[in-house]
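The values are calculated or read from the model by the stated rules, or taken from the named source; none is laboratory data. Predicted model, so just to flag it, every value in this text is computed and none were measured. In this analysis, Cβ positions are derived from the backbone assuming ideal geometry, glycine residues included, and neighbour counts consider all displayed protein chains. We work out accessible area using only protein heavy atoms, side chains counted, and drop any ligands, DNA or RNA first. Shrake-Rupley method; radii C 1.70, N 1.55, O 1.52, S 1.80 Å.
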Amino acid sequence: MSGKQDTWPPQPADAPRVPSIPMSDANLGKDGEPTIGNLVKDASANVSTLLRAEVALAKAELVKEAKKAGAGTGLIVGAAVLLLYASLFFFVFLGFLLDLWLPTWAAFGIVFLILLVVSIVAIIIGYVLFRKLRKPEKTIESLSEISSVVPGREKSPTGGVAHPQIPPANDPMSR
């Protein structure tokens, strides 16, 4: 016996060679358990597949919902344009209605003043609402805490963020 045979029990020399199917899993270690490297490889492949599937699902759902939102937005914009035209006719109607009791110039002057006062009040209310806006303090605070969680993100003496893999340069001429 030369020790280079791969069949057991020994076959006669003139026996035909038949490819064999391995009886053990190639991903298992000596003790029959999967190796850590294979477990990590399988886990990363599964996570990658799962993330791709989730992104594809979200994309499909968002495209469907975006089409609905686009149709709804188009209808609302169309209705708003019609409402704008209707308001023009309402104010003309109001001017002619006041024209029954007042001179024409006074009736339309009153309608103009009503529109002017309503516009100025809306501008003032909008300005006050914008003045009440505050910066997102909780978000800013949580973002500033990232540097304490992520390794290698310490502030460098120059004011930027230190890069963890690049060592400081040595001047070869200073020796």
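Things worth noting here:
- Residue within region 115-135 that is in contact (Cβ under 8 Å) with a residue 12 or more places away in the chain and among the aliphatic types (A, V, I, L, M) present: yes
- Top-ranked residue of region 125-144 - restricted to ones that are assigned to a helix (DSSP H, G or I) and open to solvent by less than 100 Å² (accessible area, probe 1.4 Å), ranked as farthest from F89 (Cα to Cα): S144
- Cβ-Cβ distances below 6 Å connect the following pairs, each with a first residue in region 32-43 that is assigned to a strand (DSSP E or B), a second residue that is surrounded by 12 or more Cβ atoms within 10 Å (Cβ to Cβ), and a separation of six or more residues or different chains: P34/N27; P34/L28.
- Whichever residue in region 103-124 is of a type in the set (G, A, S) and touching a helix residue (DSSP H, G or I) at 6+ places or on another chain (Cβ under 8 Å) and, among such residues, is nearest to V92 (Cα to Cα): A107
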